[in-house]
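The values are calculated or read from the model by the stated rules, or taken from the named source; none is laboratory data. Small disclaimer: the values here were computed from a predicted structure and weren't measured. Here the Cβ positions follow ideal geometry from the backbone for every residue, glycine too, while neighbour counts run over all protein chains shown. Please note that ligands, DNA and RNA were not included when accessible areas were found on the heavy atoms of the full protein model with its side chains. Shrake-Rupley method; radii C 1.70, N 1.55, O 1.52, S 1.80 Å.
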Amino acid sequence: MYTLNLDHADFLEHYWQKQPVVIKNAFPNFSDPITAEELAGLACEEEISSRIILTKGNNWEIIQGPIEDYTPFGENNWQLLVQAVNHWFPDSAPLVESFRFIPDWRFDDLMVSFATPGGGVGPHIDNYDVFLLQGEGQRRWKVGPLGQYSPRGGDTHTALIDDFEPMIDVVLEPGDMLYIPPGFPHRGETIETALSYSIGFRAPSQQELMSSIADHLIDNNTGLKRFTSLSEPSTAGLLTQAQQSGMVNLLSELLSQPQHYQQVLGQLLSQNRFELDICEQEGPYSQDELLEAFEEGALLQRIGGLKVIRLEGDSVQRLFINGEIYPLEGLTDEMLDTLANQFSFDHQQALALCSNKTLTDYFLWLVNQGYAYLA
């Protein structure tokens, strides 16, 4: 349904995490997967992250959702942003799938915005990669070079910055797309009422990695080896360079052990920042009921936004699913890849896979956890 008009290899070599680029007609004959009314409906829901941004001259006011009444905002100078639309609106899934030339563990969410003329978010810098896809309407985007920029008003807790000199100044029309790597300042302004799509990709920070490692060590009561030294300084108040290096090496030794970092990476990178639309069941399915559903033609479909990740060279045969670990001993790497890569399994494929009881149990667990449903 959505075919991205992009040379993946060329993009990854020359632009990905290197420099911004405008991709005209990225999606030929683009059709919006969601309407403004449907987006507004999502913004009414308590569990869905949404906000209104009001443009007030050179300032912007944020109103956190849920949003139920838009009449106070008028017809100009405001923008509605709804996060993780791919979790809650299944028709957006094909659009997200067209970006899977970037690995799933990096994918953050599909944010959709509805903006009136003059609406925007002001000059800011993101710490993640983003593809800005234009749907209905027109928006003007400016992108500046990497550099040192002062936070707007001296507020270090905001992504907003003082303005910049643009190196890209472009009007996006339906199907056009702008890619911006982390660190490049940018701002958008709506020319005519518009729907826009922000496909974001995020990698963990040093802080997030260290925090996850520490939590893992505490939870598993590991990492208890203490520092030892062969000599002590001649003065009581001194910590020597050799001792400093020895303590850092003790940490490096720990972080180089796969049994510590693989589980941490799998759990951390399979989690979502935004709430999932868990498919609640009236009661748990039995194995017989699941197989009967497949025999009657049911398709097994993962819920939107669910991350299923396999680690290359993992010391244990397993998948990481929404921060959880599911062991799958006895399966080939090829089979683990199939389980991680496919969003759905038709009834014939599901029945064939269920000839292996390990896979029957896995599918049953997915459905009973609400991570998949029968369609």
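Full extension of the chain between residue 70 and residue 352 yields a length gain of 96.4 nm, computed as 0.36 nm times the residue separation minus the alpha carbon distance.
Using all pairs of distinct alpha-carbon atoms, the Kirkwood hydrodynamic radius of segment 119-200 works out to 12.9 angstrom.
A Förster distance of 41 Å, applied to the separation of the beta-carbon atoms of residue 9 and residue 273, puts the FRET efficiency at 0.90.
Taking 7 Å steps out from each Cα toward its Cβ at residue 192 and residue 312 produces label points 4.7 nm apart. Summarising the label geometry, the points placed 7 Å from Cα in the beta-carbon direction at residue 45 and residue 254 lie 4.0 nm from one another. All other residues whose Cβ lies under 13 angstrom from that of residue 347 are scored, Lys and Arg at +1 and Asp and Glu at -1, for a net of -4.
With the cut-off at under 19 Å, measuring from each backbone N in segment 244-279 to a point 7 Å along the Cα-to-Cβ line of residue 231 picks out 244-249. Straight Cα distances below 20 angstrom link residue 56 to the lysines 142, with same-chain residues fewer than 8 positions distant left out.
Rolling a 1.4 Å probe over the protein heavy atoms gives the chain an accessible area of 52 Å² per residue.
Surface composition of segment 206-249: carbon and sulfur make up 54 percent of the accessible area, probe 1.4 Å. With the simple spin-label model, which puts each label point 7 Å out from Cα in the Cβ direction, the residue 210 to residue 102 separation comes to 2.7 nm. Computed over segment 298-363, the percent of Cα pairs more than 15 Å apart is 51. Taking amide H as placed 1.01 Å from N in the peptide plane, residue 108 has its amide H under 5 Å from the amide H of 200, 201, 202, each at least 5 places away in sequence or on another chain.
Solvent-accessible area assigned to carbon and sulfur over segment 1-159 amounts to 47 percent, based on a 1.4 Å probe. Karplus-derived 3J(HN,Hα) values for segment 218-235, using 6.51 cos²θ - 1.76 cosθ + 1.60 with θ = phi - 60°, are 5, 4, 9, 6, 10, x, 9, 4, 9, 6, 10, 9, 8, 8, 10, x, 7, 10 Hz; glycine and proline are entered as x.
Net length available on complete extension from residue 324 to residue 128 is 68.1 nm, with 0.36 nm assigned per residue and the Cα-Cα distance removed.
Taking only the Cα atoms of segment 167-248, the ratio Rg/Rh comes out at 1.33, with Rh defined as the Kirkwood radius.
For the options 19, 241, 287, a Gaussian network treatment of the chain with springs between C-alpha atoms closer than 10 Å singles out 241 as fluctuating the most. The Rg/Rh ratio of segment 240-375, with both radii computed over alpha carbons and Rh defined as the Kirkwood radius, is 1.13. For segment 186-313, the alpha-carbon coordinates run over 78, 56, 28 Å along the three principal axes, in decreasing order. Sorting the Cα pairs of the chain by distance into bins of 10 Å, from 0 upward, gives 4, 19, 26, 23, 16, 8, 2, 0, 0 percent per bin. Residue separation of residue 219 and residue 170 scaled by 0.36 nm, minus their Cα-Cα distance, works out to 12.6 nm of gained length.
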